[in-house]
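> Dropping the structure in here first, questions after.
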């Protein structure tokens, strides 16, 4: 039976942008038109942690609180979790596995679109991210991925075989269609900007032109 998704869940997903810099090549046809840069969500993801750190230089004094001088600010650290389930409908084993491959291939984006290092290949590590009022609900922010964790469930299925879905290992099951029924993803994001103050006209600290110049207040 094909899974039915609520209109509320679909509307929540439309408010999310999670986009890599380069398109993920379709299987057997690298760079084919329509190859996607976006990570697609089957269910609304959840932000499970969202914080930021700073470092201080402290000088202890006798009998009173220490003197503290602020030194540096860390990136905003966001941990996102979501789930895929092979559902016998649009969310086939191929669709789910391709989204997983996009994510795991992120750290190879430094090679550039053609698979070879290029002068601008570092921009392949830029992620466009927007998720409801966790930041600016209208404009995406640039980010980078610190870590990707993929966990698969124990149940495996075989789909798209003669129009049917059945247990892996069945008589009509081809190995190309076997995949875990459930996949859980955790991604640790860090907001990423050029490090300049747009209002003051400071020069950027990073020379990646596709990065946002600075972190807007709605993304603090």
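None of the figures in this text is laboratory data; all of them are computed from the coordinates on show. If you're wondering where the values come from, they're calculated on a predicted model, not measured in any experiment. Here Cβ is always computed from backbone atoms with ideal geometry, including for glycine, and neighbour counts include all displayed protein chains.
> List the residues of the stretch 125-158 whose backbone N lies under 12 Å from a point placed 7 Å from the Cα of residue 50 along the Cα-to-Cβ direction.
In the stretch 125-158, the label zone of residue 50 (backbone N under 12 Å from the point 7 Å along Cα→Cβ) covers 130-137.
> Separate question: Pull out the extension gain between residue 144 and residue 8, defined as 0.36 nm times the separation in residues minus the alpha carbon to alpha carbon distance; nm, one decimal.
The residue 144-residue 8 span can extend by a further 46.1 nm.
> Calculate, for residue 40 and residue 206, the FRET efficiency according to 1/(1 + (r/R0)^6) with r their C-beta to C-beta distance and R0 25 Å; round to the nearest 0.05.
0.30
> R0 = 45 Å: FRET efficiency of residue 61 with residue 190, Cβ-based, nearest 0.05?
0.80
> Between residue 73 and residue 19, how high is the FRET efficiency from 1/(1 + (r/R0)^6) when r is the Cβ-Cβ distance and R₀ = 35 Å? Nearest 0.05.
With a Förster radius of 35 Å, E is 0.85.
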